[in-house]
Amino acid sequence: MKISKRVLSGIQPTASMVHLGNYLGAMRHFLELSKESESLFCVVDLHALTTVKDSEALKNNCRSLTAAYLSIGLDPNAVTLFQQSHIPEVCELAWYLGCQLSSSTLEKAHAYKDAKASGRTVNAGTMYYPLLMAADILLYKATAIPVGADQKQHIEVARDIAQAFNFHFGDVFPLPEPLIPEEGAQVVGLDGRKMSKSYDNYIGLFEEPKKITKKIKSILTDSKTGEEKKDPESCAVFKLYRLFASAAETENLAERYREGGLGYGHAKLELAELVLAQIEPIQASWHDWMSRPDDMADLLKEGAAKARQIAGETLAETREKLGVGL
Ligand code: AQP
């Protein structure tokens, strides 16, 4: 079993665009990591089927996400950029891995429990989500998985499965480690909870600048007047600001919160200005890629060929260890 650092991560195409939580919690780090390690990034469309029930919407979401990966600066020649469903091997591996996993682990996963607690009917795909994610990671023998804090438990499931498999059949899978950023592990949304599509409290990375400003103006704060001293650490506006600002800018704003005399309205405008200035080039690049769907399709095809090479090797090794398909 060759263990070298191999980065892998994915995003679900469950919406027409990614949000700032996805960008700050995960995608921004993809770029840094891709410069120093072999990296694979994936449009996780099979996972998205747990919620998306409209084929046209799914196709559009996949295009938007592919454009997002490219617009943040990932170089398709340097990384492997692919779509999960282009690699059918992942479903076969998920079955083999599922046979090494206790069903109670899936029942205890927080995403599944949250979905059940919401009172909605929960499909089996939602329950198997961590299993398919483990297959995604282990198929490519990835060792470093950049994710937001909400995904930590899923990486632990992948580790447990890898350990169980290696114990029974011999070493095949290196143990993956989550890479959770110190800043941005849990980006807050407009209402102060985790920024999330399900809570509808998000700012889309590619939304119109006017809409982004309007959303920032609607961020929930306490009712302190402009004159009153404020606690930056408990304010969603400040928490978002620090994710875009330099250390000096962050300290400067924190100081003005503590001193009093700074209204939330003003802080929101400073935040909007900073966000828009930083995402402007990403938005421009995204619009450009979105006008070139055929180029994106070609890039995904090339990515799938590279990914499939690794997938085929891992699957052959796995089948041999299990004694199937021989
Ligand atoms: N608020 C967040 N803060 C930090 N990281 C976040 N991520 C998502 N929201 C935040 C990270 O983004 C990556 C892709 O996640 P995903 O495709 O699984 O999307 P998600 O977590 O399902 O996003 P939502 O908005 O929370 O979707 P719903 O509401 O549908 O569940 C992951 O690395 C994730 O940690």
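The values are calculated or read from the model by the stated rules, or taken from the named source; none is laboratory data. None of these values were measured; they are calculated from a predicted model. Counting neighbours? That spans all protein chains shown, and the Cβs are built from the backbone with ideal geometry, glycine included. All accessible areas refer to the heavy atoms of the entire protein, side chains included, with ligands and DNA or RNA removed. Shrake-Rupley method; radii C 1.70, N 1.55, O 1.52, S 1.80 Å.
What the table shows:
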item: The range 32-54 - residue that is within 8 Å of the ligand (Cβ to nearest atom) and part of a loop (DSSP other than H, G, I, E, B) and, of those, modelled with the lowest pLDDT; result: THR51
item: Given (1) within 16 Å of the ligand (Cβ to nearest atom); (2) modelled with pLDDT of 95 or more, number of the condition ALA78 does not satisfy; result: (1)
item: Residue selected from the range 213-233 under the condition hydroxyl-bearing (Ser, Thr, Tyr) and not in a helix (DSSP H, G or I), by the criterion surrounded by the most Cβ atoms within 10 Å (Cβ to Cβ); result: THR221
item: Residues of the range 192-212 that turn out to be in a loop (DSSP other than H, G, I, E, B), more than 26 Å from ALA115 (Cβ to Cβ) and open to solvent by 20 Å² or more (accessible area, probe 1.4 Å), as a count; result: 1
item: Enumeration of residues in the range 13-22 that are within 10 Å of the ligand (Cβ to nearest atom) and either buried (at least 23 other Cβ atoms within 10 Å of the Cβ) or small (Gly, Ala, Ser) (or both); result: PRO13, ALA15, VAL18, LEU20, GLY21, ASN22
item: Filtered residues of the range 60-76 (kept if more than 11 Å from SER39 (Cα to Cα) and not hydroxyl-bearing (Ser, Thr, Tyr)); result: ASN60, ASN61, CYS62, ARG63, LEU65, ALA67, ALA68, LEU70, ILE72, GLY73
item: Residue within the range 24-31 that is of a type outside the set (Val, Ile, Thr), part of a strand (DSSP E or B) and either within 10 Å of the ligand (Cβ to nearest atom) or at pLDDT below 95 (or both) present; result: no
item: Leading residue by the ranking (most open to solvent (accessible area, probe 1.4 Å)) among those in the range 119-169 that are β-branched (Val, Ile, Thr) and either more than 11 Å from the ligand (Cβ to nearest atom) or over 24 Å from ALA185 (Cα atoms) (or both); result: THR121
